[in-house]
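Everything on this sheet refers to the single structure shown next.
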Amino acid sequence: MTKWVVDAREIKKVYQMGEVQVHALRGVSVKIAPGEVVSIMGPSGSGKSTLMNIIGCLDRPTSGEYSLNGENVAHLTDDQLAEIRNRGVGFVFQSFNLLPRSTALANVELPMRYAELNGRNRKQVALEALEAVGLEDRVHHRPNELSGGQMQRVAIARALVNNPAIILADEPTGNLDTQSGDEIMAVLKKLNEERGTTLIIVTHDPEIAALTNRVISILDGRIAE
């Protein structure tokens, strides 16, 4: 039997907005195998961000079951979710989310500080991650000394360091010009090929989606055929 890295079954998410109930997800089931490169597409308000938040353990479903890397996480406490998130998910955001006064190396070390890895190991792993994304010559540069594409590479290196089960990239090329965007997608695909990293890319760009193995389309809180 295949061990799914993402196994979401009949996920529903309802938000209470005053007296109104908003049904963001209406029974979504998704399975993603280890090493897959998958994109999630859908218009604004379709539920794709809600699904991403649940897959990334940033939120929990109102009902349904969700297992990440074989571990049922749908009903964990906030602290337990935070631990799973730090261990099992690497995040890459459209806005990079780097600490402006810290070097590339210090930014990449950050998740390992939370995981309480000792300093020497931390530095070595961070250097290897920066090398993997082609930034070995920018280790001591701060974000304001880097281009947009280079900042996103730092963010990808940071996402790698705890060896996550999945990397979740939310519009990773959204703030970049076309050439930088193409380079970032090439970096992500290379990491997938060399490390077997499972990639889930949330995008509204059909050209980005076309570079993935499979597209999951969401419309009105349901998987669209």
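The values are calculated or read from the model by the stated rules, or taken from the named source; none is laboratory data. From a predicted model like this one, the values you see are computed outputs, not experimental measurements. Reconstructed Cβ throughout: ideal geometry from the backbone, glycine too, with neighbour counts over all protein chains shown.
The table below lists the values:
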quantity	calculated
Selection count where residues are closer than 21 Å to M185 by Cβ and either assigned to a helix (DSSP H, G or I) or among the basic types (K, R) (or both), scope the stretch 117-142	6
Which listed residue is modelled with pLDDT of 95 or more and not in a strand (DSSP E or B), from S102, S29, S49, S39	S102
Qualifying residue in the stretch 83-95 (condition: out of contact with any Cys (no Cβ under 7 Å at 6 or more places or on another chain), of a type outside the set (F, W, Y) and surrounded by fewer than 12 Cβ atoms within 10 Å (Cβ to Cβ))	no
In the stretch 1-35, the residues that are basic (K, R) and out of contact with any Asp or Glu (no Cβ under 9 Å at 6 or more places or on another chain)	K3, K12
Verdict on F91 being in contact (Cβ under 8 Å) with a residue 24 or more places away in the chain and in contact with a Leu (Cβ under 7 Å, 6 or more places away or on another chain)	yes
Condition met for D59 (within 30 Å of K48 (Cα to Cα) and either in a helix (DSSP H, G or I) or aliphatic (A, V, I, L, M) (or both))	no
Residue in the stretch 61-82 that is within 15 Å of the chain's Cα centre (by Cα) and of a type in the set (D, E, K, R) present	no
From the options I156, I200, I166, I208, residue that is in contact with a Leu (Cβ under 6 Å, 6 or more places away or on another chain) and β-branched (V, I, T)	I200
Cross-chain or 6+ apart pairs with Cβ under 6 Å, the stretch 204-225 first and within 13 Å of K48 (Cβ to Cβ), then of a type in the set (K, R)	I218/K48; G221/R26; R222/R26
